[in-house]
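Read the structure below first, then the notes.
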Amino acid sequence: MLLTARNYATGEPIEIELDAAALTALAEHVAQTRRPMTRGQFAAHLGTSLRSVERWLSAGLPRIKPDGLVLIEPEPAMEWLRARTEGRVA
């Protein structure tokens, strides 16, 4: 899976390729936080851009909408990301 992040020193966007083991470790880390997150919180938690999260939401990333606010539950979201990565042809 390709994640987009920012270089803290320069602010330039960088792309990070995660293999299955790294994605699993990331999923375990995110799953420790079980409360729903905003799009920005989820992006920060993954170390990726808000734009990436927005693209994933457009592609079907699971979300809940209490009172119209879009929130992301970490476990279903990471399962969705993992399934997309496993389905990708190498």
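Brief remarks follow.
- Residue pairs meeting the criteria (Cβ under 6 Å; at least 6 apart or on separate chains; first under 18 Å from residue 80 (Cβ atoms), in the stretch 13-29; second of a type in the set (Ser, Thr, Tyr)): 23/85
- Residues of the stretch 1-56 that turn out to be basic (Lys, Arg), surrounded by 14 or more Cβ atoms within 10 Å (Cβ to Cβ) and more than 12 Å from the chain's Cα centre (by Cα), as a count: 0
- Condition check for residue 12: of a type in the set (Asp, Glu) and at pLDDT below 80: no
- Candidate set from the stretch 35-90 (those that are in contact (Cβ under 8 Å) with a residue 40 or more places away in the chain and of a type in the set (Lys, Arg)); member that is farthest from residue 19 (Cα to Cα): 51
- Taken over the stretch 57-77, the criterion of being touching a helix residue (DSSP H, G or I) at 6+ places or on another chain (Cβ under 8 Å), surrounded by 12 or more Cβ atoms within 10 Å (Cβ to Cβ) and not acidic (Asp, Glu) is satisfied by 57, 61, 62, 63, 70, 72, 74, 77.
The values are calculated or read from the model by the stated rules, or taken from the named source; none is laboratory data. Note that this is a predicted model, so its numbers are computed, not measured. Every residue, glycine among them, receives a Cβ derived from its backbone with ideal geometry; neighbour counts consider all protein chains shown.
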